[in-house]
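The values are calculated or read from the model by the stated rules, or taken from the named source; none is laboratory data. Nothing here was measured: the structure is a model prediction, and the numbers come from that model. Cβ coordinates were reconstructed from backbone atoms using ideal geometry, including for glycine residues, and neighbour counts include every protein chain displayed. Side chains are part of the model used for accessible areas, which takes the heavy atoms of the whole protein and leaves out ligands, DNA and RNA. Shrake-Rupley method; radii C 1.70, N 1.55, O 1.52, S 1.80 Å.
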Amino acid sequence: MLVAVVGSGPSGFYAVEALLKSGLEVRVNLIEKLPAPFGLVRYGVAPDHPKLKQVSLVFHKIAQHPHVQFYGNVELGQDVSLSDLQETHHAVVLCYGAERDRRLGIAGEDLPGSHTATEFVAWYNGHPAYRDSSFDLSSRAAVIVGHGNVAADVCRILAKPVEALRQTDIAKHALEALAESRVREIHLVGRRGPAQAKFTSKELRELGELPDCVATVEGDSLRLGPEDETELAEKTNDNAAKCYQIFKQLGRSGDGSARRRIHFHFLLSPLSLNGKGRLESLTFTRNSLVGSAFEQHAEATKETIDIACGLCFRSIGYRGEPLPDVPFEERRGVVPNEAGRVRQGLYVSGWIKRGPSGIIGTNRADSVETIATLLGDVQHLGKDGASSKASFAGLVSAKRLHPISYDQWRLIDSAETQQGEKSGKPREKITSVDQMLAIAG
């Protein structure tokens, strides 16, 4: 049985792993638009969290299985179509993630100085599509809209002494820019209260332990309502309870000699980004929480406040992108499916299946479910013998594409690690696709 898996991030590799463990005689073509595999593990995990990247060692073993063929530098919708994949495979599994940021939908959102968190994260992680992005780090104050782990990553990279990043795999261009940064005040703003913040306790605790930096909670926003107390008392909501205790500790800190300061704000929603020609401030409306426990939502009051800043990152979630001939649910930004099945022969896994939630390991169970659904359809999918299917390799050759095999990726990988050794880094990421292709031959 021939299966195409589109996307070589965690959900893609876990889907391949589930196929190989299924007991089915299967061959998998793993298709990736970039020359480099590993998706968000390479381009999304913060450079100062190297342990989270060790999962790539597992993916490395999967990619070297004799029944797996990696096709890097091949993009679905650009180089090959869905019909191309369906004509050359018995089943197609889409694992291409959710790359598009959600917008605030307010005035001034596109002012110079206003950016998405995704753009910044991809820039400092050396993603080829964002290598030429630029961020004005000359402003004293930055605002991050959002209370999740991506917002925490952006905050930490801005607040951390650059010396602490020099021996990570952060992109060289980002390290040079951050060394000149004048950002000293960082405001992390959420629309709901401390009981509803979406940080993991580990990420939040890190923000309170940064050298030469103090983190504080603004105002008296740690007061809880009865619904908040009900939420925090729930055993399954243990992470939120831990985060609340950390917020209480931050609220008491106040080292006036620290070079940088992180301000946590709650119950604020952005109304507008303001400035003449470029960003100068954000206007927020103060919220109150309405509803029962676990269903509380932010409701605007008439009170507003301004926060002066020259730099803003929105980190309010991601959306998937639609593909030709694939159903798409615009409101949620996902491909509609039932346990991973879009229709017989077409499946989804990961963020494009369920939305942007969970951690890297969450994708394993998600992909296992999708492949179980695929296996339930196998009697209908495998009626054509493998020999009757056109060759995907032949199709790629006929289209005169330039795919990167996994062995060729290892040449790129080796070049990065060798370059990194010269400056005491685990690797120096190559950010140019053309340079990657040249190294791969």
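Table for the structure above
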| read-out | value |
| --- | --- |
| Listing of helices (runs of 4 or more DSSP H) fully contained in segment 113-214 that carry 2 or more residues being of a type in the set (Phe, Trp, Tyr) | 117-124 |
| Flag for Arg223 being open to solvent by 10 Å² or more (accessible area, probe 1.4 Å), assigned to a loop (DSSP other than H, G, I, E, B) and either among the aromatic types (Phe, Trp, Tyr) or at pLDDT 95 or above (or both) | no |
| Positions within segment 163-174 being open to solvent by less than 20 Å² (accessible area, probe 1.4 Å) and either over 27 Å from Ser281 (Cβ atoms) or of a type outside the set (A, V, I, L, M) (or both), in sequence order | Leu165, Thr168, Asp169, Ile170, Ala171 |
| Residue that is least open to solvent (accessible area, probe 1.4 Å) [pool: residues in segment 175-206 that are among the acidic types (Asp, Glu) and within 21 Å of the chain's Cα centre (by Cα)] | Glu203 |
| Failed item, numbered, when Leu52 is tested on (1) open to solvent by 10 Å² or more (accessible area, probe 1.4 Å); (2) modelled with pLDDT of 95 or more | (2) |
| Condition broken by Arg42, with the remaining ones in (1) in a strand (DSSP E or B); (2) out of contact with any Leu (no Cβ under 8 Å at 6 or more places or on another chain); (3) surrounded by fewer than 24 Cβ atoms within 10 Å (Cβ to Cβ) satisfied | (1) |
| Only listed residue being among the β-branched types (Val, Ile, Thr), under 26 Å from the mean Cα position of the chain (by Cα) and assigned to a strand (DSSP E or B), chosen from Ile307, Ile262 | Ile262 |
| Test result for Gln435, assigned to a helix (DSSP H, G or I) and more than 30 Å from Arg166 (Cβ to Cβ) | no |
| Test: Ala241 is farther than 27 Å from His115 by Cβ, modelled with pLDDT of 95 or more and open to solvent by less than 60 Å² (accessible area, probe 1.4 Å) | yes |
| Test: Leu104 is open to solvent by 20 Å² or more (accessible area, probe 1.4 Å), at pLDDT below 95 and either outside any helix (DSSP H, G or I) or touching a Ser or Thr at 6+ places or on another chain (Cβ under 6 Å) (or both) | yes |
| Candidates Phe247, Phe284 - the one that is among the aromatic types (Phe, Trp, Tyr), touching a residue at least 12 places away in the same chain (Cβ under 8 Å) and either closer than 30 Å to Ser134 by Cα or open to solvent by 70 Å² or more (accessible area, probe 1.4 Å) (or both) | Phe284 |
| Some residue of segment 124-131 being touching a residue at least 12 places away in the same chain (Cβ under 8 Å), surrounded by fewer than 21 Cβ atoms within 10 Å (Cβ to Cβ) and over 24 Å from Ile316 (Cβ atoms) | yes |
| Top-ranked residue of segment 287-296 - restricted to ones that are part of a strand (DSSP E or B) and in contact (Cβ under 8 Å) with a residue 24 or more places away in the chain, ranked as most open to solvent (accessible area, probe 1.4 Å) | Leu289 |
| Any chance Leu232 is part of a strand (DSSP E or B), open to solvent by 20 Å² or more (accessible area, probe 1.4 Å) and touching a helix residue (DSSP H, G or I) at 6+ places or on another chain (Cβ under 9 Å) | no |
| Output for segment 277-316, where each listed residue is modelled with pLDDT under 95 and under 16 Å from Ile106 (Cα atoms) | Ser315, Ile316 |
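Residues are listed down the side, and each one gets a yes or a no for (1) among the aliphatic types (A, V, I, L, M); (2) over 30 Å from Glu295 (Cα atoms):
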| site | (1), (2) |
| --- | --- |
| Gly146 | no, no |
| Leu158 | yes, yes |
| Leu165 | yes, yes |
| Asp169 | no, yes |
| Glu180 | no, yes |
| Glu185 | no, yes |
| Val189 | yes, no |
| Asp212 | no, yes |
